[in-house]
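Right, one structure below, let's go through it.
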Amino acid sequence: MSASSPVPHPYFALLLQTKRVFSPASFAEKLVAWFDKSQRDLRWRQAHNATDPYRILVSEVMLQQTTVAAVGPFYERFLNRFPNSNSLAEADEADVLTQWAGLGYYARARNLHKAAKAIQSEHGGIFPRELDEILALPGVGRYTAGAVASIAYNSRAPIVDANVARVLSRILPVEGDLKTSKNQAALWDAATQIVQVESVEPHTVNPAMMELGALICTPKNPRCPVCPVSDNCQAQKQNRQNELPFIPPKKAPTPMFDVCALAQDATGRILLRQRPNNADIWWQGMWELPRTTRSEGESSTEALIRLGQELGCAFVPQTRAITVKHGVTRYAIELECWRVQANQPAESETLKWIGTEEADNLAMPSVMRRLFERFAPNRTSSEQLSLL
């Protein structure tokens with residue numbers, strides 16, 4: 001290059017480099033041949049689910065932040081209750097959250113509910129076919145829209161999820177943090193080239209890339225000797241498969257210290273409250289043992305007394321029943337559950353004495369349901385010990 005030649009922008013320089021060595025057709029054809037023989041028998045790939053856009057959307061939303069093994073039973077339960085988008089649209093949010101309970105990240109369930117309502121109100125209950133219309137549904141991002149469009153409708157829509165990003169970062173290769181705009185552009189460009197290969201079908205090649213990342217091109221110790229596209233992989237040729245992709249160090253979770261009140265009436269019913277529907281709190285609209293976060297310098301008993309005053313219950317802390325550690329988003333929470341005496345508060349829509357049968361129909365976070373079931377009056381000692 002002469003002194004007067006312009007220096008390419010870093011993104012375009014990367015694009016030029018990868019296009020010289022990356023053959024989308026070779027990669028896609030080898031990958032699909034492998035996938036046809038090696039794909040897992042997952043519930044959402046079974047014939048009655050595999051081309052239904054609503055069921056594909058449900059599976060894709062559930063698989064965000066959750067493993068395949070964990071999703072399976074919830075997927076079946078959710079679809080048994082809401083077999084199509086219209087049944088979901090017509091359901092109460094509380095019912096939706098109850099069916100979702102245990103999966104966590106409850107904003108996913110709320111957005112799925114909103115998406116079903118949008119399909120009913122804006123599309124006459126018919127799931128949209130166009131990529132931009134799918135992308136306009138509440139809570140649906142570029143990856144999810146591409147997955148639904150390509151798998152359900154065989155549209156040549158690209159996808160880049162964590163598995164695909166890892167695969168492509170090694171194939172191309174891609175240096176540095178994959179979340180930068182430059183690297184995201186390179187990944188989506190490569191995914192677009194792959195899904196445009198005319199000799200393969202989008203509904204096959206896109207899941208094949210995800211499957212390769214899940215089974216072969218894993219985060220640690222990738223199985224390069226059995227990889228169907230190892231000949232296409234620059235990281236493998238450079239012996240850098242364990243270096244790529246670059247993973248920025250994670251921030252340590254923020255510690256948080258919560259206390260909750262275990263109050264029971266004479267019949268053993270447990271006092272629960274419903275969380276408000278504020279956008280800035282966890283577990284919106286769900287039921288829990290009354291809980292609060294300890295302020296700096298505040299003891300557990302002081303926090304419980306304050307909580308009781310806020311609820312009009314006049315809590316008198318007795319003994320700490322159990323301490324549970326769990327995580328919510330970026331917080332590591334130590335939750336102390338205390339037995340308390342409480343006056344008989346006036347029940348309201350958001351504060352109630354609940355028995356075991358009633359609790360079955362309430363949306364509760366998994367940690368709270370385990371606490372409730374541990375101390376429910378009809379539990380034997382052995383059952384209580386097995387919980388938590």
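Placing a label point 7 Å from the Cα of Y331 along the Cα-to-Cβ line, the residues of the range 249-271 whose backbone N sits under 20 Å from it are 251-262. Its convex hull of Cα atoms gives the range 173-288 a direction-averaged projected area, equal to a quarter of the hull surface, of 13.4 nm². For the chain, what is the mean residue ellipticity at 222 nm derived from helices alone (per DSSP H run of n ≥ 4: -39500 (n - 2.57); sum divided by total residues; nearest 500 deg cm²/dmol)? Rounded to the nearest 500, the figure is -13000 deg cm²/dmol. Any idea how far the Cα center of the range 57-96 sits from the one of the range 169-221, in Å? Result: 27 Å between the Cα centres. In the structure displayed, which of K114/K250; K250/K325; K117/K182; K37/K117 lie more than 28 Å apart, Cα to Cα? The pairs that break the limit, which is 28 Å between Cα atoms, are K114/K250; K117/K182; K37/K117.
The trypsin sites (Lys or Arg not before Pro) found in the range 20-74 that occupy coil by DSSP, while having at most 12 further C-beta atoms within 10 Å, are R40.
Which of the three applies to the chain, rounded, prolate or oblate, going by the alpha-carbon gyration tensor with a ≥ b ≥ c and a/c under 1.5 meaning rounded?
Taking the square roots of the gyration eigenvalues as a ≥ b ≥ c, the chain is prolate.
Where in the range 141-180 does the label zone of A50 land, with the point 7 angstrom along Cα→C-beta and an amide N cut-off under 12 Å? Label zone hits: 152. With Cα atoms defining each centre, the range 240-316 and the range 335-354 are spaced 15 Å apart in the structure. Principal semi-axes of the equivalent ellipsoid, √(5λ) from the alpha carbon gyration tensor of the range 102-261, are 30, 25, 13 Å from largest down. How would you classify the range 252-296 from its alpha-carbon gyration tensor, with a ≥ b ≥ c the square roots of the eigenvalues: rounded for a/c under 1.5, else prolate if a/b is greater than b/c, otherwise oblate? In terms of gyration-tensor shape, oblate.
Mind running the shape call on the range 254-386? Use the C-alpha gyration tensor, a ≥ b ≥ c as the square roots of the eigenvalues: rounded below 1.5 for a/c, prolate if a/b tops b/c, oblate otherwise. Cα axes put the range 254-386 in the rounded bin.
Normalised by the number of residues in the chain, the mean separation of alpha-carbon contacts (under 8 Å, six or more apart) gives a relative contact order of 15 percent.
Any read-out appearing in this document is the output of simple, stated calculations on the displayed coordinates, not a laboratory observation. Since we're looking at a predicted model, the values are computed, not measured. When we count neighbours, we look across all protein chains shown, and the Cβ atoms used for this are built from the backbone with ideal geometry, even at glycine.
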